[in-house]
Amino acid sequence: MAVHVLHVSKTGGTAMRYAIRRERRAAGGTLPSPWGPIWAHEHGFRLADVPKDDRAVITLRDPVSRFLSGFCSRQRKGAPRHCREWTDAERMAFQYFSTPQELADALAEPPGETRERAEFAMRSITHLKRRLILWTGRPAYLLRHLDKVLYFARQETLDDDWERLKELLELPSGVILPRDDVVAHRTIYPYDLALSREGVEALRAWYAEDYEVLEIAEHLRQGLAPPRVSLTARLRSLLREGRAASRELLPERPVLPRVRVEQRSEAA
């Protein structure tokens, strides 16, 4: 058994990972807990990667707040902690929208060029296209695998959650989160972040499944039974898992080169 701390982007994961890894080094390379050793992962590790008998700690954040943080972080290329160049698609997205308000309002527009540019930006800017469900799985999947989740933390209450986690995992009381903004990779906001009502509604619709995940997590945090997910959503989730398993088990069909298909047609 082991405990896996997932690093969901823009939820305070850098601070938690830094504190855990620092304490693990100080402890000689292994950081024990009642559920086995504790591991703090990079972004690529998800709930689906957690072995059957292991447990996960997942930090979440309100998707609109996370959108604002993610936009500003990528606009400055991750500085000052990182310096990761924009992709070509990100460069185009930031040419279209210089503030998160502009993007949110464009997402609220009726179908047309402005809305298309907004959807392009939402699918291109790194932190915006990576929804919470990338780490937790869709709501129906998460509900079926809640036994893997040891604790849901929230970025909004990270200091309090960290104290509860230390008790739960039996970590030394002196293990603290970094206070330095650069080390913790906290977002610096260069301008006012007030969004219009229409922009907020458009973002909540875009991140609808993330809000379902948040609702599930909040029920567990409050000791309540998790909300139900519709039968249709559960069936769709099972179908996606089945397709994913099939792709892993079955060899890919060879694709004939285009030129050969054309030659065959001409011969016919």
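All of the numbers you see were taken from the coordinates with simple rules; none came from a lab. Everything quoted here is computed from the prediction, not taken from an experiment. With ideal geometry, Cβ positions are generated from the backbone for all residues, glycine too; neighbour counts draw on all protein chains shown.
The table below lists the values:
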{"quantity": "Estimated distance in nm for a label pair at residue 85 and residue 114, the labels positioned 7 Å out from Cα along Cα-to-Cβ", "calculated": "3.4 nm"}
{"quantity": "Cα-based reach from residue 52 at 22 Å (exclusive), listing lysines while leaving out same-chain residues under 8 positions away", "calculated": "148"}
{"quantity": "Inter-probe distance in nm under a simple model that places probes 7 Å from Cα toward Cβ, at residue 194 and residue 53", "calculated": "5.6 nm"}
{"quantity": "Gain upon complete extension [residue 42, residue 145; 0.36 nm per residue less C-alpha separation]", "calculated": "35.0 nm"}
{"quantity": "For the range 204-211, Karplus couplings with θ = phi - 60° (6.51, -1.76, 1.60), whole Hz, Gly/Pro x", "calculated": "5, 5, 5, 9, 4, 5, 5, 5"}
{"quantity": "Cα gyration tensor shape for the range 10-58, rounded if a/c is under 1.5, else prolate or oblate", "calculated": "oblate"}
{"quantity": "Residues with amide H under 5 Å from that of residue 5, placed H, sequence gap 5 or more", "calculated": "39, 40, 41, 57"}
{"quantity": "Using θ = phi - 60° and Karplus 6.51 cos²θ - 1.76 cosθ + 1.60, couplings along the range 19-25 (whole Hz; Gly, Pro as x)", "calculated": "5, 5, 5, 5, 5, 5, 5"}
{"quantity": "Per-selection Kirkwood Rh - the range 16-138 (Cα, Å, 1 d.p.)", "calculated": "16.9 Å"}
{"quantity": "Built amide H within the under 5 Å cut-off of residue 149, gap 5+", "calculated": "56"}
{"quantity": "12 Å Cα-Cα reach of residue 10 towards aspartates and glutamates, excluding residues that sit fewer than 8 places from it in its own chain", "calculated": "62, 156"}
{"quantity": "Theoretical FRET efficiency, 1/(1+(r/R0)^6), r = Cβ-Cβ of residue 92 and residue 173, R0 35 Å, to 0.05", "calculated": "0.10"}
{"quantity": "DSSP-assigned coil residues among GluC sites (Glu not before Pro) in the range 25-97, each with at most 11 further Cβ atoms within 10 Å", "calculated": "42, 85"}
{"quantity": "Residue exposure sequence - 173, 196, 69 - by fewest surrounding Cβ within 10 Å", "calculated": "173, 196, 69"}
